[in-house]
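Q: Submitted below is the structure of interest, expressed as structure tokens.
Where a number appears in this text, it was derived from the coordinates with a stated rule and is not lab data. These numbers were taken from a predicted model, which means no experiment stands behind them. Cβ atoms come from the backbone with ideal geometry, glycine included; neighbour counts cover every protein chain shown.
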Amino acid sequence: MLRYAAGRVLAGIPTLLLVSIFIFSLAHVTPGDPAVLLAGDNATPAQVEEIRSRLHLDLPLWQQFGIWLGDALQFDLGNSIYSGKPVTELIAQRIEPTLVLSLVTLVLTVLIAVPLGAISAWKANSIVDRISMGVAVAGFSIPVFVIAYLLVYFFAVKMRLFPVQGYKWLADGWLTTLNSVTLPSIALAFVFSALIARVTRASVLDALGENYIRTARAKGLGPSRILFIHALKSVGVPVVTVIGIGLATLVGGVVVTESVFNIPGIGRLTVDAVTRRDYPVIQGVILFFSASLILINLLVDLSYAFIDPRIRE
Amino acid sequence: MALTETETKIQAHGTRSRRRNPTLESLAQAAREPWTIICVLILLGFLAMAVLSPMLAGDPLAINPAYRLKPPSLEMIWGTDHLGRDVFARAMNGARMSLTVGVAVALLSAIPGVAIGIFAAMNRTGGALVMRVIDAMMAIPAVLLAIALAALLQPGLLTLIIAISIPEIPRMVRLVRSVVLSVREQPYVDAAVSVGTGGFALVRRHILPNTIAPVIVQATYAAASAIIASAVLSFLGVGTPPDVPSWGGMMADARKFFQFYPMLMVYPGALLSLLVLVTNVLGDRLSDALDPRKIARSI
Amino acid sequence: MTDTLRMQTGKTVLDVRNLNLTFGRGDNALHALDHVSLSVQQGEILSLVGESGCGKSATMMAILGLLPKRAATVRADAIRLGETDLAGASQRQLRRIRGNRIGMIFQDPMTSLNPVHTVGFQIGEAVREHRGASRAEARHQALRMLDLVRIPDPARRLDAYPHELSGGMRQRVMIAMALVCEPELLIADEPTTALDVTVQAQIMALVDELRVEMGMSVVLITHDLGVVAATADRVAVMYAGRIVEEGPVEQVFRRPSHGYTAGLMRSLPLDGQVHQGRLQEIPGSVPRLGEAAPNCAFAPRCVFAKPRCAAEVPLPTDLGGGHAARCFEHSAVFADLADNDIVRAWQ
């Protein structure tokens, strides 16, 4: 178990290193002078020179990367060109809404998609299955901002059940926070559930053909026990894997959704940085999201050991 | 076990037809299904919309400040937007961008994806290295990568296509690699190697044909997700310049007036969703028809 | 259709009358079982013998209602377990029978246990389901069963996962799982096929011991006449969805009366003796499923076949002592086999 965990952690390190090389090189492989790029559109030549020497852009690339990586490891991702504030500070300020939105979405998704996928597999080719899988294809196909605006129009503008936009901080009471993230979470969960439900259905369908399901039936167990205790538990690994990998898609959705609902999270920070061409912030946010995803998928890998006893050895 | 034996026999009983080219045969079979036909017809409709938009509708770019946010009329059947532009004309013209991006990204992710995927599967050390890089690329959220690339490069259609294609390539590489690895295990490939078939001949005769079906399916999904991604980028303001009509851009424009003029968002949103939906359904049909193991829609 | 006479010594535990099974509907329907009748007395081991695909397992799956409802149509004049009618039972009623009054073990213990649950949990599950036992009580019962199936150090094995056990151990766990509710009937579907030869005998001995200890009946599905000779009280030989010969083991071995049984006997090596000459095989292959044959399905492969065999379905002929065969040429079959080593050994 310990060896497995150590192996997974060690495997994550080169990935993270490659990701940082990739993100670092984005600014350098694109045509044009990185100093000009990093200085932003409205910089004077003096400012550009200042950036060039401050960011060591006059040094060889590999040295620049070493300095950048060393800083990043100390949580120094440079300063925003627009506000001049440290990028890490900007991210820290905006982490709460993004975290709340993602967590609520994740909970909603697991609660909806996993049982739905399992039931669709149990009732494969029935009306229930066809409808839920049809909805799932729609979930893939309708962009999250279209769903978001539909929800806003009906539940916020017409019925006035939820705020049209904005975010209430946890410090002001968690119920109002929950209320403010309900519509964005549903919009995101619709898209995310589509993926999870389809994978759950396919995995459970495979599992239901296994011999141990026949054994469970020969034991006289009822459908819900067979489905949830025997089939679903044994497909935990693929389902959790897809949830982990799917978070990358979710991040894209969070960026869009925060923009639609005007939620001051990291997604909004990203969009603002992009429109202002605030390159240090863009770089920092991508590194933050990528590192978080690598970390989460590391935890997913470790969770396999709890789901499937065969991996523990 | 006897049950499964019985089932196998039933299957054997049912499918005794001899196949010449399994890929073509399954494609032909898929083409006869009603859902496939409906999807293809709708896609042809979008194609017609893109090609014929100048004849069908007015000028999508003509600004008429005096005639802003007007309801539908005989002349402009979907009304006008906040600059007095013909919404119908813009919506028809927007199909061009979506279709262009979809097709271009499908090709630009498939071609390098197949090449890199085959290399990664055939070359042991190089392959391991390539897959490390691919893993790292997949750790970066695709939309963020596309946003960053689009923001870095000069704005334009080509930038958009490149920015969306790059995050799509790793998925294709993984798929092709896994297909090639399993094909290499097949006895007939061993046999081919043992009689001295090697290198390019092996890839061309035995490996490449086996990758075609899954790559077609994956490219269809890539087209669908590329159309969404281009709309997202346009919606966030890093897509094509405003003078190129796009559904995402139209929706971005409509945001400010959304509470009072929701239809400005409904028209492009519905067209966009329908196009992606039929592309995805077609992908599913193809996947059912072409791949017995069913490629789970990759993430 | 008449049935075979049998010795009415004890109570009848399982009684199946004219079981028919088809897969699919209409013109494409495939007949898997044709008028299968059998009965199992209390305490006895009935062995169902035949080649794979002949319908041995399908018979038992049909009795337990384990076949996919959509694909399979089961019809029977009667399926009785003691006083309970299974032919007209709902899925819910059948569920209360399975694992409770009928236990079942399968061929492949490697894949028949759920890899993500401990063996203790999987054994105790049936007690919780059928007896409403608490978690602790179920665990206690599981421990008792592990001990009963002679698993060493049962307390430690309780929390083991299937992959941590050997094949023989897993089959013991399967047996424990099937017997935890002390069923009247155990259906063992080729329980030793996937195991090492040395372990096979141990498992069969265990089944036999438990049968005596628990006073239950056993239906042993196998393709191995050697296993039948060693363990079963009665034997039913199946071919292409029909029971072609049935009777007490010693009767059938002493007087094989169907061409197919004769073929099986000839292909059986005699224990402890160097076999003279080569073992004979049955020519031809098992027919495809399809229409229920309008004749003796074995006729094309049968060395004794006469024109009549290809023209009509032979009804069971009573040969006395509960022995019957669906064969027009049963006398010729026996006459030909009279000097067979095995037949002689049983006389």
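Q: Measure up A:Lys123/C:Lys69; A:Lys158/B:Lys256; C:Lys11/C:Lys69; A:Lys123/A:Lys233; A:Lys219/C:Lys56 against 22 Å on the Cα-Cα distance and list the ones that go over. Working shown, then result.
A: Values: A:Lys123/C:Lys69 12 Å; A:Lys158/B:Lys256 17 Å; C:Lys11/C:Lys69 31 Å; A:Lys123/A:Lys233 18 Å; A:Lys219/C:Lys56 20 Å.
Correct reply: C:Lys11/C:Lys69.
Q: Now a separate question. About the Cα centre, and with charges only on the beta carbon of Lys, Arg (+1) and Asp, Glu (-1), how big is the dipole of the protein assembly as shown? Nearest 20 debye, please. Working shown, then result.
A: Working: 85 positive and 75 negative charges, 221 e Å.
Approximately 1060 debye in magnitude.
Q: Continuing with the same structure: Roughly how many whole Å is it from the C-alpha centroid of segment B:78-114 to that of segment B:172-208?
A: When both Cα centres are located, 38 Å separates them.
Q: On a 0 to 90° scale, report how tilted helix C:167-179 is relative to the longest principal axis of chain C, with both axes built from alpha carbons and the result rounded to the nearest 10.
A: Compared with the principal axis, the helix lies near 80 degrees.
Q: Further, regarding this structure: Counting only residues 5 or more places away or on other chains, whose amide H sits under 5 Å from the amide H of B:Leu83 once H atoms are built in the peptide plane?
A: For B:Leu83, whose amide H was placed from the backbone, the distant partners under 5 Å are B:Leu69.
Q: Give the dimensionless ratio obtained when the Cα radius of gyration of segment C:40-89 is divided by 2.2 N^0.38 Å.
A: Numbers: Rg = 12.3 Å, N = 50, 2.2 N^0.38 = 9.7 Å.
Relative to the rule-of-thumb radius for its length, segment C:40-89 sits at 1.26.
Q: Sticking with this one: Calculate the FRET efficiency for A:Leu111 and C:Asp147 from the Cβ-Cβ distance with a Förster distance of 51 Å, rounded to the nearest 0.05. Provide the component values of the computation, followed by the final result.
A: Numbers: r = 42 Å, r/R0 = 0.82.
So, using R0 = 51 Å, E works out to roughly 0.75.
Q: Taking other Cβ within 10 Å of each residue's Cβ, how do C:Arg255, C:Arg131 sort, fewest first?
A: Working: C:Arg255 22, C:Arg131 14.
In increasing order of surrounding Cβ atoms, one gets C:Arg131, C:Arg255.
Q: For peptide C:187-196, how many partner chain Cβ atoms fall within 10 Å of a residue's Cβ, on average? Intermediate values should be presented prior to the final figure.
A: Working: counts 1, 0, 5, 2, 0, 0, 1, 1, 0, 0.
Neighbouring Cβ atoms belonging to other protein chains average 1 per residue here.
Q: Using every Cα-Cα pair within the protein assembly as shown, state what percent have a distance larger than 39 Å.
A: Values: 255428 of 459361 pairs.
Looking at the protein assembly as shown, the distances longer than 39 Å represent 56 percent of pairs.
Q: Another question, then. For chain A, what is the calculated [θ] at 222 nm in deg cm²/dmol (nearest 500), taking -39500 (n - 2.57) for each run of four or more DSSP H residues and dividing by its residue count? Don't jump to the answer; show the numbers that get you there.
A: On the way: 14 runs with 227 residues, N = 313.
For chain A, the value works out to -24000 deg cm²/dmol.
Q: Scan around A:Ser80 for amide H atoms under 5 Å from its own, H built in the peptide plane at 1.01 Å from N, and keep only partners 5 or more places away or cross-chain.
A: Residues meeting the criterion, in which the H sits 1.01 Å from N, are A:Lys85, A:Val87.
Q: What three numbers, in Å, describe the spread of the alpha carbons of segment A:177-256 along their principal axes, ordered from the longest?
A: 49, 25, 14
Q: Now for a different question. What aspartates and glutamates could a cross-link reach from C:Lys306, if we take a straight Cα to Cα line under 17 Å and drop same-chain neighbours fewer than 8 places away?
A: C:Glu329, C:Asp336
Q: Near the amide H of C:Ile187, under 5 Å away, which other amide H atoms are found, from residues 5 or more places off or on another chain, if H is placed in the peptide plane?
A: C:Gly103, C:Met104, C:Ile105, C:Val219
Q: With +1 on the Cβ of every Lys and Arg and -1 on the Cβ of every Asp and Glu, and nothing else charged, how large is the dipole of segment A:2-73 about its Cα centre, in debye rounded to the nearest 20?
A: 540
Q: Can you compute 3J(HN,Hα) from phi for each residue in segment C:78-93, using the Karplus curve 6.51 cos²θ - 1.76 cosθ + 1.60 with θ = phi - 60°, rounded to whole Hz and x for Gly and Pro?
A: Each residue's phi maps through the Karplus curve to give 6, 10, 10, 10, x, 9, 8, 8, 9, 5, x, 6, 7, 4, 4, 5 Hz.
Q: Can you work out the Karplus-derived ³J(HN,Hα) for every residue in segment B:264-275? Use 6.51 cos²θ - 1.76 cosθ + 1.60 with θ = phi - 60°, whole Hz, and x for glycine or proline.
A: Karplus values, whole Hz, x for Gly and Pro: 4, 8, 5, 4, x, x, 5, 4, 4, 5, 5, 4.
Q: Next question. Which aspartates and glutamates have a Cα less than 20 Å from the Cα of B:Lys70, not counting those fewer than 8 places away in the same chain?
A: B:Asp59, B:Asp81, B:Asp86, B:Asp253
Q: Still on this structure, please answer the following. Mind checking the full-extension length gain between C:Ala71 and C:Asn295? Use 0.36 nm per residue of separation minus the Cα-Cα distance, one decimal, nm.
A: Extra length from C:Ala71 to C:Asn295 when fully extended: 78.1 nm.
Q: OK, next. Once the dipole of the protein assembly as shown is set up with Lys and Arg at +1 and Asp and Glu at -1 on Cβ about the Cα centre, which of A:Val260, C:His223, C:Pro154 lies farthest towards its positive end?
A: Going by the charge dipole, the pick is A:Val260.
Q: Ranked from highest to lowest mean number of other Cβ atoms within 10 Å per residue, what is the order of the peptides C:145-151, C:98-104?
A: On the way: C:145-151: 21.0, C:98-104: 25.1.
Top to bottom by mean Cβ count within 10 Å: C:98-104, C:145-151.
Q: Could you pull out every whole DSSP H run in chain A that spans at least 20 Å of Cα extent along its own axis and averages -0.5 or higher on the Kyte-Doolittle scale? Mind showing how you got there, number by number?
A: Working: long enough: A:2-29 (40 Å, 1.55); A:95-122 (40 Å, 1.96); A:127-141 (21 Å, 1.30); A:174-208 (43 Å, 1.27); A:236-261 (34 Å, 1.88); A:279-307 (41 Å, 1.81).
Helices meeting the span and hydropathy rule in chain A are A:2-29, A:95-122, A:127-141, A:174-208, A:236-261, A:279-307.
Q: Still on this structure, I have one more. I need the P(r) histogram for chain A: all alpha carbon pairs, bin width 10 Å from 0 out to the longest distance, whole percents.
A: In whole percents, the pair-distance histogram is 6, 22, 26, 24, 15, 6, 2, 0, 0.
Q: Additional query: What length, rounded to one decimal in nm, is gained on full extension from C:His223 through to C:Arg308, with 0.36 nm per residue of separation minus their alpha-carbon distance? Spell out each step's value before the answer.
A: Working: separation 85, 0.36 × 85 = 30.60 nm, distance 2.84 nm.
Difference between extended and current length: 27.8 nm.
Q: Mind telling me which of C:Thr198, C:Thr231, C:Thr222 comes out most flexible in a GNM of chain C, alpha-carbon contacts under 10 Å?
A: So, out of C:Thr198, C:Thr231, C:Thr222, the one fluctuating most is C:Thr198.
Q: Sticking with this one: In sequence order, what are the phi-derived ³J(HN,Hα) couplings for segment B:119-129 according to the Karplus relation 6.51 cos²θ - 1.76 cosθ + 1.60 with θ = phi - 60°, rounded to whole Hz, with x for glycine and proline?
A: Once rounded to whole Hz, the list reads 4, 4, 7, 8, 10, 5, 6, x, x, 4, 5.
Q: So, counting K/R as plus one and D/E as minus one, what does the shell of residues with Cβ under 12 Å around B:Met122 add up to?
A: Numbers: positive: B:Arg124, B:Arg177, B:Arg184; negative: none.
My count for the surroundings of B:Met122 gives +3.
Q: Hey, fewest Cβ within 10 Å first, where do C:His258, B:His82, C:His117 land in order?
A: Values: C:His258 29, B:His82 14, C:His117 19.
Ordered from fewest to most neighbouring Cβ atoms within 10 Å, C:His258, B:His82, C:His117 come out as B:His82, C:His117, C:His258.
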